[in-house]
1. Residues of the stretch 54-110 being farther than 25 Å from Pro32 by Cβ and in contact (Cβ under 8 Å) with a residue 40 or more places away in the chain, which ones?
2. Of all residues in the stretch 39-64 being hydroxyl-bearing (Ser, Thr, Tyr) and part of a loop (DSSP other than H, G, I, E, B), which is most open to solvent (accessible area, probe 1.4 Å)?
3. When you scan the stretch 65-78, do you find a residue that is more than 17 Å from Ala1 (Cα to Cα), of a type in the set (A, V, I, L, M, F, W, C), in a helix (DSSP H, G or I) and open to solvent by 40 Å² or more (accessible area, probe 1.4 Å), even just one?
4. Pro87 fails exactly one of the following numbered conditions: (1) more than 12 Å from the chain's Cα centre (by Cα); (2) closer than 21 Å to Gln57 by Cβ; (3) part of a loop (DSSP other than H, G, I, E, B). What is the number of that condition?
5. Would you point out which residue out of Ile25, Ile36 is within 15 Å of the chain's Cα centre (by Cα), open to solvent by less than 70 Å² (accessible area, probe 1.4 Å) and farther than 24 Å from Gly125 by Cβ?
6. Six or more apart or on different chains, Cβ under 6 Å: which pairs go from a residue in the stretch 30-53 that's closer than 22 Å to Leu10 by Cβ to one that's assigned to a loop (DSSP other than H, G, I, E, B)? Could you list them?
7. For Gly116, state whether it is surrounded by 11 or more Cβ atoms within 10 Å (Cβ to Cβ) and in a loop (DSSP other than H, G, I, E, B).
8. Among the listed residues Pro32, Pro103, identify the single one that is modelled with pLDDT of 90 or more and not hydrophobic (A, V, I, L, M, F, W, C).
Amino acid sequence: AALILRATALPSQLPQLGETAARAIREAGVPPPSLIARAGNGVLYAFWSAAEVSQAQPTRWASVVEALRAASVGAGGSTVVEECPSPLRATIDVWGATPEAAPIMRRLKELFDPQGVLNPGRYVGGM
């Protein structure tokens, strides 16, 4: 599977987020990604093919995700792993930190899915 990351930041912080991402990628020794930046809303997408992902160990990819996540949180945003191979999924939290609104989100999920059959454990905070 490919690896797709979506990082967000305040639009004014997007250039700095891109620089941090580039540095983390160089330091991890992974192939450079294809990037799409949406400066108007502060979204940065990074894409790697399955072939590129297979070139490095999951721990290297995890370091890229965590560096980008730390930078995006510092810039007022977040980083989510939208797609990744199973070996990598086992080493990282694809959602990142559980938001403060998690109890409300959990209660809403319980209201709409009282049997817990809709994608159990696949959402933020293990919901």
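The values are calculated or read from the model by the stated rules, or taken from the named source; none is laboratory data. Just so we're clear, the structure is a prediction, and the values are computed from it rather than from any experiment. Positions of Cβ are generated from backbone atoms using ideal geometry, with glycine treated the same way; all protein chains shown enter the neighbour counts. Accessible surface is based on the protein model in full, side chains and every heavy atom, while ligands, DNA and RNA are left aside. Shrake-Rupley method; radii C 1.70, N 1.55, O 1.52, S 1.80 Å.
1. Correct list: Gly76 only.
2. Within the stretch 39-64, the subset hydroxyl-bearing (Ser, Thr, Tyr) is 45, 49, 54, 59, 63.
Add one more test, that the residue is part of a loop (DSSP other than H, G, I, E, B), and what stays is 49, 54.
Details: Ser49: 50, Ser54: 92 Å².
Step by step, filter the stretch 39-64, then rank; the result is Ser54.
3. yes
4. Going through the list (1) more than 12 Å from the chain's Cα centre (by Cα); (2) closer than 21 Å to Gln57 by Cβ; (3) part of a loop (DSSP other than H, G, I, E, B), Pro87 breaks only (3).
5. Ile25 is the lone residue from the list that is within 15 Å of the chain's Cα centre (by Cα), open to solvent by less than 70 Å² (accessible area, probe 1.4 Å) and farther than 24 Å from Gly125 by Cβ.
6. Gly42/Ala9; Gly42/Leu10; Ala46/Pro33
7. Values: surrounded by 11 or more Cβ atoms within 10 Å (Cβ to Cβ): yes; in a loop (DSSP other than H, G, I, E, B): yes.
Answer is yes for this residue.
8. Numbers: Pro103 fails: modelled with pLDDT of 90 or more.
Sole residue among the options that is modelled with pLDDT of 90 or more and not hydrophobic (A, V, I, L, M, F, W, C): Pro32.
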